[in-house]
Every structure is written in structure tokens, then in C-alpha cells.
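J.: Take this structure first; my questions come after.
The values are calculated or read from the model by the stated rules, or taken from the named source; none is laboratory data. Note that this is a predicted model, so its numbers are computed, not measured. Cβ atoms come from the backbone with ideal geometry, glycine included; neighbour counts cover every protein chain shown. Note: areas computed on protein heavy atoms with side chains; ligands, DNA, RNA excluded. Shrake-Rupley method; radii C 1.70, N 1.55, O 1.52, S 1.80 Å.
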Amino acid sequence: MAETFMVRADEIARELEISKALAYRMIHDWNEDLKSKGYTTVQGRVTRKYYEEQIYGLADRKRKES
């Protein structure tokens, strides 16, 4: 299955081994952060890139390697 641009709560819950309710709460908080920065969001979803940056700190790692 190809990777999608957006991540949903069920995928986050499965990957992080957390409840769906917590995954939805995390998405809600992330979307509020993105809205405050002027981005358009989709309820119940977040971009895979933003999710990976928040969970795995990939943005920090890429900056350090540069």
C-alpha cells in the first residue's frame, strides 16, 4: 500500500500503540498549532510530514545534519 499524504487517527493509534481517542486529541492539538501559523487543516487528519516531525523529530535531525 502506498504512503498517503495525510495520516488519520487510526494509523497513529496503531503505530504508537495508543488509543484512538488520544490519537484524535493529538491531531486536534497539532491542527490548532498549524492553524495558528496560518495553515489550512483537515479535521481528523494531519500531514504525514508534520506527524513525523512531531513524533520522531525529523526536522531537528535534518537541521543538525546540514
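One line per residue, one yes/no per condition, for (1) in contact with a helix residue (DSSP H, G or I) (Cβ under 7 Å, 6 or more places away or on another chain); (2) open to solvent by 70 Å² or more (accessible area, probe 1.4 Å); (3) not in a loop (DSSP other than H, G, I, E, B):
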{"site": "3", "(1), (2), (3)": "yes, yes, no"}
{"site": "15", "(1), (2), (3)": "no, yes, yes"}
{"site": "18", "(1), (2), (3)": "no, no, no"}
{"site": "24", "(1), (2), (3)": "yes, yes, yes"}
{"site": "28", "(1), (2), (3)": "no, yes, yes"}
{"site": "31", "(1), (2), (3)": "no, no, yes"}
{"site": "40", "(1), (2), (3)": "no, yes, no"}
{"site": "46", "(1), (2), (3)": "yes, no, yes"}
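J.: Looking at (1) among the hydroxyl-bearing types (Ser, Thr, Tyr); (2) modelled with pLDDT of 95 or more; (3) open to solvent by 60 Å² or more (accessible area, probe 1.4 Å), which is the only condition residue 56 fails?
T.: Single failed check for residue 56: (2).
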